[in-house]
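Peer 1: Mind having a look at this structure? Questions to follow.
The values are calculated or read from the model by the stated rules, or taken from the named source; none is laboratory data. Small disclaimer: the values here were computed from a predicted structure and weren't measured. Backbone-built Cβ (ideal geometry, glycine too); neighbour counts: all protein chains shown. Calculation scope for accessible area: heavy atoms of the full protein, side chains included, ligands and nucleic acids excluded. Shrake-Rupley method; radii C 1.70, N 1.55, O 1.52, S 1.80 Å.
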Amino acid sequence: MKRKKKGPADLPPAPGELRLVQAFVNTVDREAKKDELASPRALAEWLARHGLLAPGTELSAADLTRATEVREGWRSVIAGQSNEQVAETLDRATESALLRGRHEPGGRMRLEPAAGGIDGALGRLLLIVSRTQDDGTWERLKVCASSICRVVFYDRSSNRSKRWCRPSCGNRLSSLASKRHSRGIRRREREAKRRAQELAYGHLEELSDAELETHPEFGTMARRLREREERE
Ligand SMILES: [Zn+2]
């Protein structure tokens, strides 16, 4: 039986309300090439399902663009790759949310978005970001170091040293690195051979592979190269 490939939704969620921001950023699964927010309607349904938007609200294509810009903005921030453009995007979303303070009967003040629609929904997520940045949990959100994956995970390790959302992402990266490394060695060997031929032994170019392998100086190298290529 083929096991279902794990996606971002299978990751252990961040604590408390932060999991909502994590889920929002993880609505795109790059590896599986799937986007839960593929249309304005899909966006509206996702937000309504997570209590961020009134059910039945209609959103536009422009709303979808804004939402995905904010989503990728947070991915950059979490990855430590924020820049002026990202800050502007997030500031714009904050302004459009029209955040205002409300006092609860007990006297506690709570900020909430006065805007409705997509602005209000993004405003609710922005407030979660602000609150979790204050309580320190935001710092443990990470973007997976695998460039194919880029999923947001919550790092529970004591020294906050996790780099990958799951071991398979780390394994893939190290096998990629070792492949690249051995490719580099082979390329250098081939270049050295070609340079040697060009500089001093131009006539070697005319030799067949079999003749080259019996050459007193280059025979060993030629044989080694052929054997390595045959193994691959
Ligand atoms: Zn990953």
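Peer 1: Counting only C-alpha contacts under 8 Å and six or more residues apart, can you give the relative contact order of segment 1-102 as a whole percent?
Peer 2: Relative contact order of segment 1-102: 16 percent.
Peer 1: Among Gln22, Gly117, Gln81, flag the residue with its Cα farthest along the positive direction of the charge dipole of segment 11-155, charges on Cβ as +1 for Lys/Arg and -1 for Asp/Glu.
Peer 2: The one lying farthest along the dipole's positive direction is Gln22.
Peer 1: Which of the cysteines in the chain are isolated, no other cysteine C-beta under 4.7 Å?
Peer 2: For the chain, the answer is Cys169, because their Cβ atoms have no other cysteine Cβ under 4.7 Å.
Peer 1: Report Asp63's accessible area, 1.4 Å probe, all protein chains in place, as a number in Å² to the nearest 10.
Peer 2: 30
Peer 1: Out of Val151, Val129, Leu207, whose Cα points farthest toward the positive end of the dipole of segment 101-232 (charges: +1 Lys, Arg; -1 Asp, Glu; placed on Cβ)?
Peer 2: Val129
Peer 1: Nearest 500 deg cm²/dmol is fine: what mean residue ellipticity at 222 nm does the chain get from its DSSP H runs of n ≥ 4 alone, each adding -39,500 (n - 2.57), divided by its residue count?
Peer 2: Rounded to the nearest 500, it is -17000 deg cm²/dmol.
Peer 1: Choose one answer from Gly219, Gly16, Gly116: the residue with the largest mean-square fluctuation in a GNM of the chain with alpha-carbon springs under 10 Å.
Peer 2: Gly219
Peer 1: Then there is this: So if I place +1 on the C-beta of Lys and Arg and -1 on the C-beta of Asp and Glu, and nothing else carries charge, what would the dipole magnitude of segment 42-171 be about its Cα centre? I want it in debye, nearest 20.
Peer 2: 700
Peer 1: Could you work out which residue, out of Gln85, Gln133, Gln22, moves most in a Gaussian network model of the chain, that is, has the largest mean-square fluctuation with Cα springs under 10 Å?
Peer 2: With Cα springs under 10 Å in the chain, the top fluctuation among Gln85, Gln133, Gln22 is at Gln85.
Peer 1: Provide the solvent-accessible area of Leu122, counting protein heavy atoms only and rolling a 1.4 Å probe, rounded to the nearest 10 Å².
Peer 2: Probe radius 1.4 Å; accessible area of Leu122 about 0 Å².
Peer 1: Taking only the Cα atoms of the chain, how large is their convex hull per residue, in Å³?
Peer 2: Looking at the chain, the number lands at 226 Å³ per residue.
Peer 1: Estimate the FRET efficiency between Arg100 and Arg49 by the formula 1/(1 + (r/R0)^6), using the beta-carbon distance for r and 22 Å for R0, to the nearest 0.05.
Peer 2: 0.30
Peer 1: Treating the beta-carbon of each Lys and Arg as +1 and of each Asp and Glu as -1, no other charges, what is the dipole magnitude of the chain about its Cα centre, to the nearest 20 debye?
Peer 2: Result for the chain is approximately 1000 debye, rounded to the nearest 20.
Peer 1: Another question, if that's okay. Determine the sum of side-chain charges near Leu64: Lys and Arg each +1, Asp and Glu each -1, restricted to other residues whose C-beta is under 11 angstrom from that of Leu64.
Peer 2: 0
Peer 1: At 1.4 Å probe size, with every protein chain present, just tell me what the per residue accessible area of the chain comes to in Å².
Peer 2: 62
Peer 1: Right, something else. For Met109, Met221, what's the largest-to-smallest order of accessible area, 1.4 Å probe?
Peer 2: From most accessible down to least: Met109, Met221.
Peer 1: State which stretch of the chain is the longest one without any exposed trypsin sites (Lys or Arg not before Pro), exposure meaning a DSSP loop state and at most 12 other Cβ atoms within 10 Å.
Peer 2: In short, 34-107.
Peer 1: Say each of Ser158 and Glu232 gets a label point 7 Å from the Cα, pointing the same way as Cα to Cβ; how far apart are those two points in nm?
Peer 2: Distance between label points: 4.5 nm.
Peer 1: Mind checking segment 16-108 for GluC sites (Glu not before Pro) that DSSP puts in a loop (not H, G, I, E or B) and that have at most 12 other Cβ atoms within 10 Å?
Peer 2: Those that pass, being in a loop and sparsely packed, are Glu58.
Peer 1: Moving on to the next point. In whole percent, what relative contact order does the chain give with Cα contacts below 8 Å and a gap of six or more residues?
Peer 2: Once divided by the residue count of the chain, the mean separation gives 16 percent.
Peer 1: Compute the length gained on full extension between Arg180 and Glu36: take 0.36 nm times their separation in residues and subtract their Cα-Cα distance, giving the result in nm to one decimal.
Peer 2: 48.5 nm
Peer 1: Right, another one. Using a 10 angstrom cutoff on alpha carbons, build the Gaussian network for the chain and name the most mobile of Ala79, Ala44, Ala192.
Peer 2: Sorting by GNM fluctuation, first place goes to Ala192.
Peer 1: Expressed as a whole percentage, what fraction of the accessible surface of the chain belongs to carbon and sulfur atoms when a 1.4 Å probe is rolled over the protein heavy atoms?
Peer 2: Summing carbon and sulfur atoms, their accessible area is 50 percent of the total for the chain.
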